[in-house]
1. Just to confirm, what accessible area per residue do you get for the chain at 1.4 Å probe, in whole Å²?
2. By how many degrees, between 0 and 90 and to the nearest 10, does the Cα long axis of helix 69-86 differ from the longest principal axis of the chain?
3. Using a simple spin-label model with points 7 Å from Cα along the Cα→Cβ vector, what separation in nm is obtained for Ala61 and His48?
4. Under a crude label model (7 Å from the Cα following the beta-carbon direction), how far is Trp115 from Asp307 in nanometres?
5. At 222 nm, what helix-only mean residue ellipticity would the chain give, in deg cm²/dmol to the nearest 500, using -39500 (n - 2.57) for each DSSP H run of four or more?
6. Over the chain, what relative contact order in percent results from Cα pairs under 8 Å that are six or more residues apart?
7. With Cα extents along the principal axes in Å in mind, check (1) 56, 46, 43; (2) 82, 43, 28; (3) 73, 50, 42 and report the label derived from this structure.
8. Between the range 143-172 and the range 204-267, what is the C-alpha centre distance in whole Å?
Amino acid sequence: MAANADLHHLAAIVRRAPGLRAKRDLDLLARLPGDPAADGDDAAAIAHGDGHLLLCGEAIAPALLRADPYAAGAAAVATNVADIRAMGGRPLGLVDTLVSPGRAHAERVLDGLAWAAELLGVPIAGGHLTIGGEPALSAFCTGSATTLLRARDARPGDVLLAAFCLEGRFRAGPPPLFTSLRDRPAEKLRDDGEALVEVAEGGLCHAARDVSMPGVAGSLLQLLELTAGCGATLDLDALPRPPGVPLEQWLGTFPSFGFVLAAPPGNADAAAQRFTRRGLACAVCGTFDDTGILRLAAGGATADVWDLAAEPLTRARPRPR
């Protein structure tokens, strides 16, 4: 990237992204007893036996559910599996709740759920179905983890890793969606998430977040807000992306497999290898610091995206380590 003005333009795009701005309403969760927003991780972790049970849920955007019921069903599975994997876990089972205006709509949603669940190796254990009414779809997944990847455990001095599956295709957004489910063999899709289990259990990384609606920079900002004052610089020159895809488009993309991770500098190569040996892309593309500011970098220049001390994103409160 040659021009500093281009970098500031990209920073502005990240700030204005609807997927990021929508996260600001998460401060409403503070109204619930115990303030579950205080952790803010991709899944809730409950100590159990020698490890943790993981619980997460996703509500699918009504616009997607109306426009493409099959894709909505598939997304309900893929997003939940990504949340479990981001915690260093393995998915155990999924349940869904579906309201459809008619049988034909419900059939398409359920077919999408079944297709993605088979691809990703997570059983659908039950759920609820209502025919008649405005369409609505939510799904909930449970998983298990021996060693957790908690967003709040990122530290100044850590290196920033970004991991993606670059086999795939775009489908219409917004936001732009990049899915690997139709282009990567099922056995590889099921094994890809084991890379996160390995970096967690091997102590190679200690924090992660999946890349979702806000895109890679926005998802990194969500991770930063859960730390005790960390900032980060995302090096766009090193960020993995599919060949021929403009950087502006990739920054706003919601991929079916994408994660940002924090690792001690000495572990970065070994952590990246857990992804690359599976044919996934993973690279060191930045560092964590103590500024509380998310910055983009390219061509030797930097641009501030967000100063969390001046303007919290969701007003989530990090818990002490």
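1. Values: 13420 Å² over 321 residues.
Here the per-residue accessible area is 42 Å².
2. 50 degrees
3. 3.2 nm
4. 4.8 nm
5. Details: 10 runs with 99 residues, N = 321.
The per-residue figure over the chain is -9000 deg cm²/dmol.
6. Details: 760 pairs, mean separation 76.6, N = 321.
Normalised by residue count, the contact order of the chain is 24 percent.
7. Computed from these coordinates, Cα extents along the principal axes in Å corresponds to label (1).
8. Centre-to-centre distance over Cα atoms comes out at 7 Å.
The values are calculated or read from the model by the stated rules, or taken from the named source; none is laboratory data. Owing to the predicted nature of the structure, the values given are computational and were not obtained by experimental measurement. Neighbour counts run over all protein chains shown; Cβ positions are idealised from the backbone, glycine included. For accessibility, only protein heavy atoms count, side chains too; no ligands or nucleic acids. Shrake-Rupley method; radii C 1.70, N 1.55, O 1.52, S 1.80 Å.
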